[in-house]
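K.L.:
Dumping the structure here so I can ask a few things about it.
The values are calculated or read from the model by the stated rules, or taken from the named source; none is laboratory data. Nothing here was measured: the structure is a model prediction, and the numbers come from that model. A quick note on method: Cβ atoms are made from the backbone with ideal geometry, for glycine too, and the neighbour counts reach across all protein chains shown. Accessible surface is based on the protein model in full, side chains and every heavy atom, while ligands, DNA and RNA are left aside. Shrake-Rupley method; radii C 1.70, N 1.55, O 1.52, S 1.80 Å.
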Amino acid sequence: MATVRPLGRIARLGSSICRNHRFFLNRSPQRRGIASCVDPAHGLTDEQREFQKVAFDFAANEMAPHMAEWDQKEIFPVETMRKAAQLGFGGIYVQPDVGGSGLSRLDTSVIFEALSTGCVSTTAYISIHNMCAWMIDTFGNTEQREKFCPELCSMEKFASYCLTEPGSGSDAASLLTTAQLKGDHYILNGSKAFISGGGDTDVYVVMCRTGGKGPKGISCLVVEKGTPGLNFGKKEKKMGWNSQPTRAVIFEDCAVPVTNRLGEEGQGFNIAMKGLNGGRINIASCSLGAAHASVQLARDHLLVRKQFGETLSNNQFLQFKLAEMATKLVASRLLVREAATALQENRPDAVSLCSMAKLFATDECFNICNQALQMHGGYGYLKDYAVQQFVRDIRVHQILEGTNEVMRMIISRNLLTESS
């Protein structure tokens, strides 16, 4: 089993490998430093800066060189992720007594932003895995935490989150997968759709109906790979996120021990939503990394690409566009970090801020990446250039972890309820 080292110590242990850290610019004409106005280290403590450097270094050396290959060949980079787990990235906000790093939501956001500069798709899966591990750590009993969390934190085993169904996406509370209690087992029947890691992972955190209609009839079960009746659909062909497999997860009289239920019956929907609040911060952070990388790529392209006898960097229209991209990146980062802090502090505005951060950051960061591609002209459309992969990989961030339309519903409901 891999050894998981808490990130507080890894920051010091890793300082030698990141002393000469440079930001990843995949297939960029030149490699340049980070412009101070968009530096993601602003506002961080010394310790946060250290493990941010470790994450950036890991992204540049272990992920970025393989990003295009993982995408084109649809490789699930298990061994690379286990290397990340050795740095503490397999259970970033899981408690240390079961192998986690015990860091804050803000720390987690900083790490996922840095890792995403090397590969958004892989980092996004790591973020989902972390969310599942946190759910077991937070809502599981002592036996469940000790059984599942250490191997999840080391990434000896991988986890998938199973909420969405073919007939219930945004309307998650209408899910139809059933779990009937028979003796000391639940018998699961139903299916889940669009499950990241499905078929390749080992632990499935499943929301299922043990009671009546609505959210109060939903419970949460942990289903282990190899359980009779657990099956998988075909591997989906996707626009992006190709370094993680996506399949339907199918339950056909799948017997799961009662001891694998997290919390009490009827608590599943609450568990799912609490997991998603953090998941929204995580996925927004992944968008930040893609946007940050794309701003750097666009800037470097403008500095070397010549048209009409001068570099594109002398074109005022493109200068203004680059300025807008940088401004939206920093604004997105500030909102995501504020939401992460609110969630960590369990503030009353946390749910709304998580929704705002997910809505704003995923929309604006996609626009940033798309504009960066436009600045590259025809080159941006070639798979030799990383910017097109950032565009493809973060497009789905506006859909998953609650669509951005649902984010607007959550925010407006909060505003209207509090004003009434």
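K.L.:
Of the residues that make up the range 222-230, is at least one over 20 Å from the mean Cα position of the chain (by Cα), closer than 28 Å to Phe112 by Cβ and surrounded by 20 or more Cβ atoms within 10 Å (Cβ to Cβ)? First the steps, then the outcome.
P.N.:
Our first condition is that a residue be over 20 Å from the mean Cα position of the chain (by Cα); within the range 222-230, this holds for 222-230.
Applying the additional criterion that residues be closer than 28 Å to Phe112 by Cβ yields 222-225.
Cutting the leftovers down to surrounded by 20 or more Cβ atoms within 10 Å (Cβ to Cβ) gives us 222-223.
Yes, that holds for at least one residue.
K.L.:
Go through (1) without any contact (Cβ under 8 Å) to a residue 60 or more places away in the chain; (2) open to solvent by 30 Å² or more (accessible area, probe 1.4 Å); (3) within 28 Å of Arg408 (Cα to Cα) one by one and return the number of the condition Leu382 breaks.
P.N.:
Every listed condition holds for Leu382 apart from (3).
K.L.:
Of the residues Phe366, Phe390, which single one is closer than 17 Å to Ser121 by Cα, open to solvent by less than 10 Å² (accessible area, probe 1.4 Å), modelled with pLDDT of 95 or more and in the same structural domain as Ala284 (by the TED database)?
P.N.:
Phe390
K.L.:
Return yes when Gln344 is open to solvent by 40 Å² or more (accessible area, probe 1.4 Å) and either outside the structural domain of Val391 (by the TED database) or within 22 Å of Met131 (Cα to Cα) (or both) and no when it is not.
P.N.:
yes
K.L.:
Among the residues of the range 290-312, is any outside any helix (DSSP H, G or I), without any contact (Cβ under 8 Å) to a residue 60 or more places away in the chain, on the phi > 0 side of the Ramachandran plot and not assigned by the TED database to the domain that holds Thr117?
P.N.:
yes
K.L.:
Output the residues belonging to the range 249-292 that are in contact with a Ser or Thr (Cβ under 6 Å, 6 or more places away or on another chain) and surrounded by fewer than 18 Cβ atoms within 10 Å (Cβ to Cβ).
P.N.:
Matches in the range 249-292: Glu265 only.
K.L.:
Filter the range 228-282 for residues that are among the β-branched types (Val, Ile, Thr) and within 29 Å of Lys213 (Cβ to Cβ) and give the result.
P.N.:
If the condition is that a residue be among the β-branched types (Val, Ile, Thr) and within 29 Å of Lys213 (Cβ to Cβ), then Thr246, Val249, Ile250, Val256, Val258, Thr259, Ile271 are the ones that fit.
K.L.:
Moving on to the next point. Does the range 70-78 include one or more residues that are within 24 Å of Lys383 (Cα to Cα) and of a type in the set (Asp, Glu)?
P.N.:
Yes: the range 70-78 contains one or more residues that are within 24 Å of Lys383 (Cα to Cα) and of a type in the set (Asp, Glu).
K.L.:
Do we have any residue at all in the range 231-246 that's of a type in the set (A, V, I, L, M), closer than 30 Å to Ala68 by Cα and open to solvent by less than 20 Å² (accessible area, probe 1.4 Å)?
P.N.:
No.
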